[in-house]
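The values are calculated or read from the model by the stated rules, or taken from the named source; none is laboratory data. Note that this is a predicted model, so its numbers are computed, not measured. Glycine gets a Cβ as well: all are built from the backbone with ideal geometry, and neighbour counts include every protein chain shown.
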Amino acid sequence: MLLVALKPPYSVIGHQGYGNSAQSRKYDDCTLRFRGLRYRLCMTHAATNNRKLLSEATINDFLRDGAVVIRGALNSTEFETLTRGIESNLARPGELAAVASASDDPGRFFEDFCNWQRIAEYEQILKHSALPSIAAKLMQSQTARIYHDHLLVKEAGTRQPTPWHQDQPYYNVDGRQNVSFWIPVDSVPRESTLEFLAGSHHGTWYMPRTFMTQQARWFPEGSLANLPDMTLAENKARVIGWALQPGDMVAFHMLTLHAASGSATQRRVFSARYLGDDIVHAPREWRTSPEFSGLRETLPAGAQMHHDLFPQAWP
Ligand SMILES: O=C(O)CCC(=O)C(=O)O
């Protein structure tokens, strides 16, 4: 009876109540009392896409700093879907899965890439949450294409930091209209969140190096700038980052310098990456991260990313 009475944008997702969850307050959920039961409601995807998650100020901050926080970007249903997807990914790693921490690390830094075609929960989030429309707005692009997904899990006690780097020099794309969303499903305190050097996305490409052995592979040694010295006070003063609660995410440009420390607590993160109108294929000398097997044979250098691997998700 209740279900029939409900009209979009709300749907029932349970009747267990909120518990003490501080995080539920941020979702676009509400409760409804009916015949003594408390029903928990959440917004449908269509409504989610239309929510005003992104103010003009946030878009301007993204353009200026290359990184912003977006609170409550996923509603509770989407959050639960994503968590299920991550657990399924961890139970069944894909072909590109790798451990990015040393064998004597008390924790483990586990990564996996490009699993959305086989994990339905990832596909749901990448295509049908608010992410594609947020991506298009931040990129100032008419369209948003899925680039790839990236799972980044630091188990509790992981010492391995993520060194300062930009992402785009490791990728196979040129162009300015791009965005990555870093979406934790665990609370992340300020000290272990992803940090950014504000304004570092405005043009300079820094030399990408292998994380463990610091070798230049993708571009010849000396052809790109060296990383800025992040121990200098003037650079430290430009570092931005946010403690995150479930449902929150950070959005950053693929040229924004970023880094993270190890993590005392479990930190499961899903990263969703999108491409805009001006992005073109740029095969590199070395396997890109991730490598799209067979792509260089089918998509010429300089071509737009109109390919089945990168479906348009917005509009
Ligand atoms: O999660 C991390 O520690 C690193 C994330 C990162 O480098 C990225 O998403 O590009």
Members of region 103-143 that are farther than 28 Å from T58 by Cα, touching a residue at least 40 places away in the same chain (Cβ under 8 Å) and away from the ligand (no atom under 15 Å from the Cβ): P106
Which residue is nearest to the ligand (Cβ to nearest atom), if the candidates are limited to region 213-250 and must be assigned to a strand (DSSP E or B) and closer than 21 Å to L151 by Cβ? V250
Taking only pairs six or more apart or across chains, which ones have beta-carbon atoms under 7 Å, a first residue in region 44-66 that is at pLDDT 95 or above, and a second residue that is crowded, with 16+ Cβ neighbours inside 10 Å and assigned to a helix (DSSP H, G or I)? I59/K137; I59/L138; F62/L138
I need every pair where a residue in region 224-246 that is in contact (Cβ under 8 Å) with a residue 12 or more places away in the chain has its Cβ under 6 Å from the Cβ of a residue that is small (G, A, S), sequence separation at least 6 or different chains. R238/A198; I240/A198; Q245/S187
Picking from R217, R238, R176, R190, the residue that is more than 16 Å from D65 (Cβ to Cβ) and either modelled with pLDDT of 95 or more or among the hydroxyl-bearing types (S, T, Y) (or both) would be R190
Is at least one residue of region 84-96 within 18 Å of the chain's Cα centre (by Cα), surrounded by fewer than 18 Cβ atoms within 10 Å (Cβ to Cβ) and under 18 Å from S129 (Cα atoms)? yes
Among (1) crowded, with 23+ Cβ neighbours inside 10 Å; (2) near the ligand (Cβ under 10 Å from one of its atoms) - the single one D167 does not satisfy: (1)
What's the total number of residues in region 251-276 that are over 20 Å from P169 (Cβ atoms), aliphatic (A, V, I, L, M) and near the ligand (Cβ under 9 Å from one of its atoms)? 1
Every residue from region 99-116 that is closer than 15 Å to F270 by Cα and more than 16 Å from the chain's Cα centre (by Cα): F109
Among the residues that make up region 152-161, is at least one of them touching a residue at least 12 places away in the same chain (Cβ under 8 Å), near the ligand (Cβ under 10 Å from one of its atoms) and within 14 Å of the chain's Cα centre (by Cα)? yes
